[in-house]
Structures are given as C-alpha cells and as structure tokens.
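Here is the structure we will look at.
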Amino acid sequence: MHIRQHRTLIHFPGTLAAMAMLVALLAPSMATRPEDYRILVASDSSSDTQAPIGSKLAPADQAMLRDVAEANLAEIDAGQLALERAQSDQIRQFARAMVDNHTQAMKETEQFAREKNIQLPAAPGARYTAALAELKTLKGLAFDRQYMSQSGFGQHKATVELLQKIQSSAQDPELKALAVRLLPIVQKQLQYAA
C-alpha cells in the first residue's frame, strides 16, 4: 500500500511542485543554528555557576570572565561591610567608592556575559567568602587595617594581575577590551590602598 501511494505522488507533477514549494516556505523557519538552543548544564566549579552550551567564548576566557565577576562581587560585599564597620571616615569613603566602582564594573561584566551567553556566579567564590568571614569577626581599628590590607590592597593587586592576564592571553577581543576599560580603575584603587 505504501509503495502505491508513493507512485501516485510521482505521477502527479503538481503534487511534487506543491511539496517543493512547501519545503521552500518552511525551510527558513526550520533552519536553526546551535546558538539558538541555549541549554544550561551544571558546572563542576565550586561557585554554583552554570555554563551554557552555546556560549561564545573559549573555556579559558569564560573562566577569566567568571573570575572578574567574583572579584567584583567580593569587593562589593567587603565594601558594604566596611561602610557599616569602618572606624575611619577615609576608609568609609574608600569603601563607598569600592561599592560604586565595582557595582558599575559588575554591570559591564554582566552585560558582556549576556552578549556572550555566559552565566556568571551570583556570589563570590570560596576564597572570597572565607576572607569576608574573617573580616566580619573584626571591629574598630583591627577591622580598618584588615579591610585595607585584604580588600584594599590584596584583592586589588590580584584583580590587576587578572585583568593584565586577560589583556595578554584572552582569545576574545571584546573580553580584552573589557579588561582595558576596567584596569585603570582597579589600578587607581590599588594605588590608593597602598
């Protein structure tokens, strides 16, 4: 029965033409690119991030972008804590600048990640949360000293090195451009903290 129906279709030239027209009309809507299907899979990193399969960055670039996001989130959290606990007005001013600058940097980082289909961490990683937990145990002058040493100097030094690494080794030119925009701000913060 199936063979007879097939032969019937061949005998009607109009049917073949209609099928060809139907395929031509449907083909554009059926054509898809891999990036049209963005499926999130669990990441094996400790920061509960997810990596979209259709991301537009090399894995090493993705890791560096996530590191930038974690550094921004850590600076925001530490700065907010310093606004509450710092004894010195100068340190509170520095903390306000850290919250403002790193919030802006995080917005730029998030925008870039959206464009590249990368899921960023929602919170700083373990190395930052441990340092923040230590800061939370301190008060007064001890807090001020530790905040400036750890967050002001130490984290900014590491972030400067990360941004320089991105500029020299990232494959994506837009990621390099993001690092170029952020580096002078972080260098200025590092100089202030030193």
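Within the range 153-170, is even one residue among the charged types (D, E, K, R), in a helix (DSSP H, G or I) and either farther than 22 Å from ARG92 by Cα or not assigned by TED's automatic domain parsing to the domain that holds ALA60 (or both)?
Yes, that holds for at least one residue.
Conditions (1) closer than 15 Å to VAL68 by Cα; (2) among the β-branched types (Val, Ile, Thr), marked per residue:
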position	(1), (2)
GLY152	no, no
LYS157	yes, no
LEU163	yes, no
GLU174	yes, no
LEU182	yes, no
ILE185	yes, yes
GLN191	no, no
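Filter the range 108-128 for residues that are among the acidic types (Asp, Glu) and free of Cβ contacts under 8 Å to residues at least 60 places away in the same chain; which is surrounded by the most Cβ atoms within 10 Å (Cβ to Cβ)?
Checked the range 108-128; the qualifying residue surrounded by the most Cβ atoms within 10 Å (Cβ to Cβ) is GLU110.
Among the listed residues ALA131, ALA177, ALA97, ALA105, which satisfies the condition of being free of Cβ contacts under 8 Å to residues at least 12 places away in the same chain, part of a helix (DSSP H, G or I) and among the small types (Gly, Ala, Ser)?
Details: ALA131 fails: free of Cβ contacts under 8 Å to residues at least 12 places away in the same chain; ALA97 fails: free of Cβ contacts under 8 Å to residues at least 12 places away in the same chain; ALA105 fails: free of Cβ contacts under 8 Å to residues at least 12 places away in the same chain.
Only one candidate qualifies: ALA177.
Has the range 165-182 got any residue that is surrounded by fewer than 16 Cβ atoms within 10 Å (Cβ to Cβ), over 18 Å from the mean Cα position of the chain (by Cα) and not acidic (Asp, Glu)?
Yes, the conditions are met somewhere in the range 165-182.
Quick test of your reading of the structure: GLN189 fulfils all but one of (1) modelled with pLDDT of 95 or more; (2) in contact with a Gly (Cβ under 9 Å, 6 or more places away or on another chain). Name the failing condition by number.
All conditions pass for GLN189, except number (1).
Checking SER168 against (1) in contact (Cβ under 8 Å) with a residue 40 or more places away in the chain; (2) out of contact with any Leu (no Cβ under 6 Å at 6 or more places or on another chain), which single condition isn't satisfied?
(1)
The values are calculated or read from the model by the stated rules, or taken from the named source; none is laboratory data. Only a predicted model underlies this, so the values are computations on that prediction, with no experimental measurement involved. When we count neighbours, we look across all protein chains shown, and the Cβ atoms used for this are built from the backbone with ideal geometry, even at glycine.
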